[in-house]
Amino acid sequence: MIEFRFDPEELLKHELIVDKFEVAKRQIISAIKMFFYEWDVVSQHTLLGAAHQILCDISKIEGKSLSIKDSPLIKEDKRKEFIKAVNMPQNYFKHAEKDHKQKLIFKYQFVPFYLFDTIRMYILLSSNDPCFEMRIFLMWFQLRYPDLLNYPAAEKDLQKIRADTKNPDTFRILGQYLLEKGQMDIKE
């Protein structure tokens with residue numbers, strides 16, 4: 001019979017060395033999978049908040065303003081209110097010292113836009129091409145919001161997909177399929 005017991009050495013046996021970009025990338029990929037499989041939106045937003053903050057911090061250190069929070073399109077007299085509104089769910093999900101008895105009405109339709117902003121910052125800051133999962137999400141975003149995102153190189157092909165689709169929720173199913181297909185290709 002095998003004896004099971006606590007071994008403190010086992011806790012220190014394995015390690016993973018990552019940099020901030022790798023951490024943000026892993027968080028983004030997890031959030032993308034959660035998005036396509038319609039897993040918990042609170043957990044999606046919490047992961048995105050962590051990745052987004054890492055990238056905002058790096059952006060500021062490098063003297064860049066890449067987040068929607070820093071956009072010159074946001075009027076200066078409204079910036080503080082805008083940032084407070086954008087950060088409210090993230091702060092609520094992380095802290096409890098001031099609002100432990102309050103409830104939050106979470107308007108989670110913003111999550112895909114937050115994911116888009118986080119991916120965009122990752123690509124601009126890391127100088128890496130978007131990974132497979134990021135490309136799938138960006139394709140979904142352009143399929144779902146063709147009037148918002150302008151990426152002409154993909155638009156011709158995406159128009160064909162949109163022409164055959166009546167329900168935009170179908171695009172999420174397409175994303176699920178591509179994620180699964182990509183995982184199969186990687187394993188083979």
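The values are calculated or read from the model by the stated rules, or taken from the named source; none is laboratory data. Given the structure is predicted, the values throughout are model-derived calculations rather than measurements. When we count neighbours, we look across all protein chains shown, and the Cβ atoms used for this are built from the backbone with ideal geometry, even at glycine. Surface areas here come from the heavy atoms of the whole protein model, side chains and all, with no ligands, DNA or RNA. Shrake-Rupley method; radii C 1.70, N 1.55, O 1.52, S 1.80 Å.
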- Query: Can you spot a residue in the range 35-42 that is open to solvent by less than 70 Å² (accessible area, probe 1.4 Å) and without any contact (Cβ under 8 Å) to a residue 60 or more places away in the chain?
  - Reply: no
- Item | Test: residue 130 is outside any helix (DSSP H, G or I) and either open to solvent by less than 80 Å² (accessible area, probe 1.4 Å) or within 20 Å of residue 36 (Cβ to Cβ) (or both) | yes
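Condition check ((1) of a type in the set (D, E, K, R); (2) more than 30 Å from residue 109 (Cα to Cα)) across all residues:
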| residue | (1), (2) |
| --- | --- |
| 12 | no, yes |
| 15 | yes, yes |
| 20 | yes, no |
| 36 | no, no |
- Restricting the search to the range 74-100, which residues are part of a helix (DSSP H, G or I), surrounded by fewer than 13 Cβ atoms within 10 Å (Cβ to Cβ) and free of Cβ contacts under 8 Å to residues at least 40 places away in the same chain? 76, 77, 78, 80, 81, 84, 85
- For residue 175, the lone unmet condition from (1) more than 25 Å from residue 90 (Cα to Cα); (2) open to solvent by 30 Å² or more (accessible area, probe 1.4 Å); (3) in a helix (DSSP H, G or I) is (2)
- Across the range 133-172, what is the number of residues that are part of a helix (DSSP H, G or I) and free of Cβ contacts under 8 Å to residues at least 60 places away in the same chain? 21
- Message: For the condition out of contact with any Phe, Trp or Tyr (no Cβ under 6 Å at 6 or more places or on another chain), of a type outside the set (Asp, Glu) and closer than 23 Å to residue 29 by Cα, what is the one hit in 156, 94, 103, 160?
- Response: 94
- Query: With 16, 47, 66, 55 as the choices, which residue is open to solvent by 100 Å² or more (accessible area, probe 1.4 Å) and among the aliphatic types (A, V, I, L, M)?
  - Reply: 16
